[in-house]
Amino acid sequence: QVQLVESGGGLVQPGDSLRLSCAASGRTFSSYTMGWFRQAPGKEREIVAAIRWSEGNTYYGNLMKGRFTISRDNAKNTVYLQINTLKPEDTAVYYCAADSRGGPGVLSWTYDYWGQGTQVTVSS
């Protein structure tokens with residue numbers, strides 16, 4: 001089984017930055033697509049960004065370009081999500097996910113494994 005553990009969330013002020021981490025274990029991930037999703041209260045889960053583990057090719061969801069950057073550290077089996085200039089609208093639970101088939105990473109149903117999520121709250 002693949003285990004995903006997110007960390008790095010918390011309570012921040014508008015304009016702050018956060019770096020979320022997703023520690024993966026249980027398998028090798030060379031052929032996987034890794035993704036970050038978020039879900040705000042009353043809203044559907046949406047794609048933030050995805051990355052191919054080996055190639056490093058990235059995809060960003062609509063309106064996610066610019067302030068969001070996904071990356072991975074192969075040696076640490078860790079995927080990161082850098083969020084800059086945080087806004088109140090970014091408040092959500094952020095989830096890490098893994099697609100063992102290495103798909104485009106756009107749709108949540110293509111992912112096999114999910115972490116428990118980490119809460120990001122942006123408030124003054």
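Does any residue of the stretch 71-84 turn out to be surrounded by fewer than 14 Cβ atoms within 10 Å (Cβ to Cβ), at pLDDT 95 or above and of a type outside the set (Lys, Arg)? Break it down into steps so the answer makes sense when it comes.
Within the stretch 71-84, the first condition is being surrounded by fewer than 14 Cβ atoms within 10 Å (Cβ to Cβ), and the residues that meet it are 73-76, 84.
Adding the requirement that they be at pLDDT 95 or above leaves 84.
Retained after the next criterion (residues that are of a type outside the set (Lys, Arg)): 84.
Yes, the stretch 71-84 contains at least one residue that is surrounded by fewer than 14 Cβ atoms within 10 Å (Cβ to Cβ), at pLDDT 95 or above and of a type outside the set (Lys, Arg).
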Identify all residues within the stretch 16-26 that are outside any strand (DSSP E or B) and loosely packed, with under 13 Cβ neighbours inside 10 Å; write none if there are none.
Ser17, Gly26
Criterion first (more than 16 Å from Gly8 (Cα to Cα), of a type outside the set (Gly, Ala, Ser) and either open to solvent by less than 40 Å² (accessible area, probe 1.4 Å) or touching a Cys at 6+ places or on another chain (Cβ under 9 Å) (or both)) does Trp114 satisfy it?
yes
Determine whether the stretch 39-55 contains at least one residue that is loosely packed, with under 13 Cβ neighbours inside 10 Å and among the aliphatic types (A, V, I, L, M).
no
Give the stretch 27-38 a look and list any residue that's out of contact with any helix residue (DSSP H, G or I) (no Cβ under 7 Å at 6 or more places or on another chain) and open to solvent by less than 60 Å² (accessible area, probe 1.4 Å), or say none.
Phe29, Tyr32, Thr33, Met34, Gly35, Trp36, Arg38
Expected single match for part of a loop (DSSP other than H, G, I, E, B) and open to solvent by less than 40 Å² (accessible area, probe 1.4 Å) among Gly66, Gly102 is Gly102
Thr91 is checked against (1) open to solvent by 50 Å² or more (accessible area, probe 1.4 Å); (2) hydroxyl-bearing (Ser, Thr, Tyr); (3) within 20 Å of Ser124 (Cα to Cα) and fails just one. What number does that condition carry?
(1)
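The values are calculated or read from the model by the stated rules, or taken from the named source; none is laboratory data. This structure is a prediction, so every number in the text was calculated from the model and none was measured. Because the Cβ atoms are built from the backbone with ideal geometry, glycine has one as well, and the counts that use them run over all protein chains shown. The protein model used for the area step is the full one, side chains on, heavy atoms only, and it has no ligands, DNA or RNA in it. Shrake-Rupley method; radii C 1.70, N 1.55, O 1.52, S 1.80 Å.
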